[in-house]
Amino acid sequence: MVSNNSQIGKIEKLFNQLAGEIFSSLEAEEQLSLSLQAEESQFTRINGGRIRQTGFVNDCSVYLDLVVDNRRATASLTLTGDIGFDVDAVQGELNRLREEVPQLPEDPYIVLPAGVETSHTSKQGVMLEADESTDKLLPVLQAVDLSGIWASGRVYRGNANSAGNRHWFATDSFSLDYSLVNAKEKMVKATFAGSDWKQDEYEQSLLASIEKLKMLDSPSIKIKPGNYRTFIASAGVADLLNMFSWDGLSELSMQTGESAFLKMRNENITLSPLFSLAEDFSNGLVPGFNEQGEVSPQRIELIERGELKSCLISSRTAKEYGLDSNFAEESEYLRSPVMAVGELPEADVLQALGTGVYLSNLHYLNWSDVVGGRITGMTRYACFWVEDGEIKGPIENMRFDDSFYNFFGDNLEAVTAEAQINPDVGTYENRSLEMTECPGILLNSFALTL
Amino acid sequence: MNLTKLLDQLDVKADWVGLRHVDESTTLRWVRDGKPQANDRSRSNGIMVEVLVDGQFAYAASSNVDIRSVQSAAEIAVNMARAAAPYSIHQFTSAARPVATGNFNSPHQQIESSISAGEINELLIRSCETLKVSEKIVSTNALARIVNSEQLFVSSNGSNIEQQFLMVTTGSMAVAQDGPVVQKRSDSGMRARSWQIGMESLDENRMMSDSRRVGEEAVELLSAEDCPDGTMDLILAPDQMMLQIHESVGHPLEIDRILGDERNYAGWSFVRLNDFGKLRYGSDLMNITFDPGVPHELASYRFDDGGAKAEREYIIKEGILQRGLGGIESQIRSDVPGVANFRASSWNRAPIDRMANLNLEPGDTPVDDLISSVENGVYMHSNRSWSIDDYRNKFQFGCEYAKLIENGKITKTLRNPNYRGISNSFWNNLKAVGDRDSFEIYGTPNCGKGEPNQVIRVGHASPPCLFSNVEVFGGE
């Protein structure tokens, strides 16, 4: 077990030294932002309770954003951790950008580095060593069919710019994201995540999932395509909300006609008063600063009681369309969405559902009609047919195709009183730090199509 | 970089050691509405040390490639392999890493530096101007993405491989709006024009001609009828066949997926190990090949990342499933014949089974005959939406642009075309396959899979194909 790590502080020192060296070499007309992403991660892939692949990744890269004379060029490169070598490499890349920038067209919407803000977050956890994790994780899995991924280690984000901003965020975290599978190939999905390893909590969590899996032992019920009363649990709602990062609540996508929310802005259409959504950094789990070093407000109301209040507005979009920035990332995606809870106690969900479908998870979502707000995807994992408030059995997976103007609109009957934090366990290029906090939703109708 | 020397310097107690070094730069130039949005170059450079200890492979990846860091990485990998060995899913030997030597250079005429950043920006600005064929075009986008990749692999049993790739993606897209009606049209769908090619891909005449057509079709869609609902004949253009092959043939045939490795992420497969050699996957007209040797196709290569030599193989022949998409590790675990597709997205991810180039071989029906054989149907082009279940059965795909076919003739343009089906029955309804003249090559740099997640390049080539009894439907 590690509660202290000699590496802690080394990456931050590297970044600060690098920033100092590079900023001191800038010419008067040059403005530069530097962002760092780094991780020291163990990844162990498990199939059938056995280890399929295991390894360790030590990765560190820096992103340069250079502005000269209303022209902009950016670059990223891998860092080695050797300060002398890295300063030379970044200086070399900066020189390449300097040569490229004069060739580029002027950019009227450039956002210059501004402000003198600093922030510093460093969370140290109680973590498992890479070579001890297998003996902690695996023995309890030997009696079950479990597939999943163990990801563990420290993740870093840093930002500094030539105007004087300095931000640092580092955190230890682990997650075992897994699927338990029974003999009928029915599955339960769960994630055990945190930053302080507690063996008993891990084993209790796994036992709870094993108990849940037993609910899937009864024969599958095949339901026909149609509209059903439906409850979607928090993990499924998180999947629906995550679609809003893609042709959704981006102000730029609104301005360029590509947003699914155009009807709300242009035709004053509203969603249910039970639906409220905010970008909220107050839990401190997600860095509040973006790649430009700008700090978002702690909370941005996006949809309040069904009314569109704001979109995610980057400073670039703000400049292009004459708006006020709320310091979203340039690609204007949700980083820390929080959906408001309602009044339906989780314990009363089955009774409130009555007869219908209970969906724990959704899978492979995509817009089927952006303008109409229609999303298609699959039901997955522990999904049940419920009659008169009692679970009758698991359902065979179904395709859904329905509009959020319906399921967050007139068809939204109730929202649970409890919300869950759904960490983003994604590891494309690097381990994500994002999360979605949301309750479950009860719908009086949801379209299952195939 | 002298990997052989680095390997010789390592002091590692392992049954096998491999070093894989990747140095890859990706340049993205993107213009929206004539204004620069991105002029970015990202360079990723690092090494993966892989060891075999007590029958268990383990890896450690480092962005520092000096001997001290690589030695440290090797020791971490050895410790992890030793700790994991009691829980191994399979006890491997070094036979999983065959000895291979050789090199590969992707075909190209003009290297990246043959065209300047300024010239590419000018080209993209002109493309945006050309896309704006009407005031109804409210947004235009044009991009060029250039990838240079050098991949080296050496191993303690004598492998020494060097592969160099130059790849270019071009794309243009227009959004048209008329009141509440919004339509988007692109150049063959999202980043489908991705090839192993040089800067000759940035041909001005071709790009402007395509941009004009894309703009005109975006405007045309504003006044088009919505795609009808019903069960009917469906012709898919090659730029949609790409997605159809990828999702409903490629992924379900990955052997690691059939073995359950992917169950917690993308899912399982409706195909079982005992289906190989027997399962009727599609009609007699269905011939699918794994072909890493097609010049310019995006995922051509000579060796996979485990050192297996890549060769053309029939995956499905005359509708019958022949072999899986699995590298040597999966072949050993499953006892199913596979292909050389054990691939990693970069130096910091371990190889897994990926589909690479997966193509539908041409038939003998000219496109005009495909169309004239349809009494009532739709011809769909360019993917815009995709979703499929975790067993790769129930899919729903949407396209950007379609034509109505009535009594053997194209009669109208249709907007919001979608279709859905179940993979096995859909492919068994394959009624006609276009001829070699209509065979087109596409690819995508964006195939996601694996835990930890990896995005990798794949290529798909196909002629247009006719399917019968497909559930087709429109928008709102």
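Brief remarks follow.
- Distant alpha-carbon pairs in the stretch B:226-473 (separation over 27 angstrom), percent: 32
- Options B:12, B:60, B:45, ranked by Cα towards positive dipole end of the stretch B:5-80, top entry (Cβ charges): B:45
- The stretch B:236-339: mean projected area of Cα convex hull, nm²: 7.0
- More than 18 Å apart - percent of Cα-Cα pairs taken over the stretch A:1-113: 59
- Of the trypsin sites (Lys or Arg not before Pro) found in the stretch A:109-191, those in coil by DSSP whose Cβ has at most 12 other Cβ atoms within 10 Å are A:184.
- Cα-only Debye scattering, the stretch A:10-214: base-10 log of I(q)/I(0) at q = 0.17 Å⁻¹: -1.03
- With Cα atoms defining each centre, the stretch B:360-388 and the stretch A:68-109 are spaced 47 Å apart in the structure.
- Backbone N under 18 Å from the residue A:348 label point (7 Å along Cα→Cβ), restricted to the stretch A:373-393: A:388-390
- D (Stokes-Einstein, µm²/s), Kirkwood Cα radius, the stretch A:226-448, 1.567 mPa s at 4 °C: 73
- Each residue in A:78, B:4 was given a count of other beta-carbon atoms within 10 angstrom of its own, and listing them fewest first yields B:4, A:78.
- Summing charges over neighbours of residue B:26, with a neighbour being any other residue whose Cβ is under 10 Å away from its Cβ, gives +1 when K and R count +1 and D and E count -1.
- Backbone N under 15 Å from the residue A:387 label point (7 Å along Cα→Cβ), restricted to the stretch A:337-353: none
- Here the protein assembly as shown is assigned +1 on the Cβ of each Lys and Arg and -1 on the Cβ of each Asp and Glu. Its dipole about the Cα centre then comes out at about 1400 debye.
- For B:449, B:317, the sequence from fewest to most other C-beta atoms within 10 Å is B:317, B:449.
- Per DSSP, loop GluC sites (Glu not before Pro) in the stretch B:36-112 with at most 15 further Cβ within 10 Å: none
- Taking N as its residue count, the alpha carbon Rg of the stretch A:212-277 over 2.2 N^0.38 Å: 1.60
- Debye, to nearest 20: dipole size of the stretch B:226-473, +1 on Lys, Arg Cβ, -1 on Asp, Glu Cβ: 440
- Förster radius 30 Å - calculated FRET efficiency between residue B:93 and residue A:132, Cβ distance, rounded to 0.05: 0.65
- Rg/Rh (Cα only; Kirkwood hydrodynamic radius) as it applies to the protein assembly as shown: 0.93
- Calculated P(r) tail over 30 Å for chain B, as whole % of Cα pairs: 49
- Dipole of chain A [Lys/Arg +1, Asp/Glu -1 at C-beta], most positive-end residue of A:354, A:37, A:169: A:354
- Per-selection Kirkwood Rh - the stretch B:312-360 (Cα, Å, 1 d.p.): 11.6
- As a proxy for reagent exposure, ranking B:159, A:315 by other Cβ atoms within 10 Å from fewest up yields B:159, A:315.
- Here the stretch B:62-215 was treated as a single set of alpha-carbon atoms; its pair distances binned every 5 Å from 0 give 2, 8, 12, 12, 11, 10, 8, 8, 8, 7, 7, 5, 2, 0 percent.
- Within a Gaussian network of chain A (alpha carbon springs, distance under 10 Å), most fluctuating of A:248, A:293, A:342: A:342
- R0 of 45 Å, Cβ-Cβ distance residue B:112-residue A:298: FRET efficiency to nearest 0.05: 0.50
- The stretch A:290-323 and the stretch B:443-476 have their alpha-carbon centroids 34 Å apart.
- Listed residues B:359, B:408, B:454: farthest to the positive end of the dipole of the stretch B:226-473 (Cβ charges): B:454
- Centre separation in Å (Cα based) which lies between the stretch B:51-111 and the stretch A:168-191: 26
- Label point distance in nm, residue A:21-residue A:143, each placed 7 Å from Cα along Cα→Cβ: 5.6
- What the Cα convex hull of the stretch B:165-269 gives, in volume per residue, is 170 Å³.
- Hydrodynamic radius by Kirkwood, which averages 1/r over all alpha carbon pairs of the stretch A:339-450, in angstrom: 15.2
Quick note: the coordinates plus some simple rules give every number you see, no bench work behind them. Since the model is a prediction, treat every value here as computed from it, not as a measurement. Cβ atoms come from the backbone with ideal geometry, glycine included; neighbour counts cover every protein chain shown.
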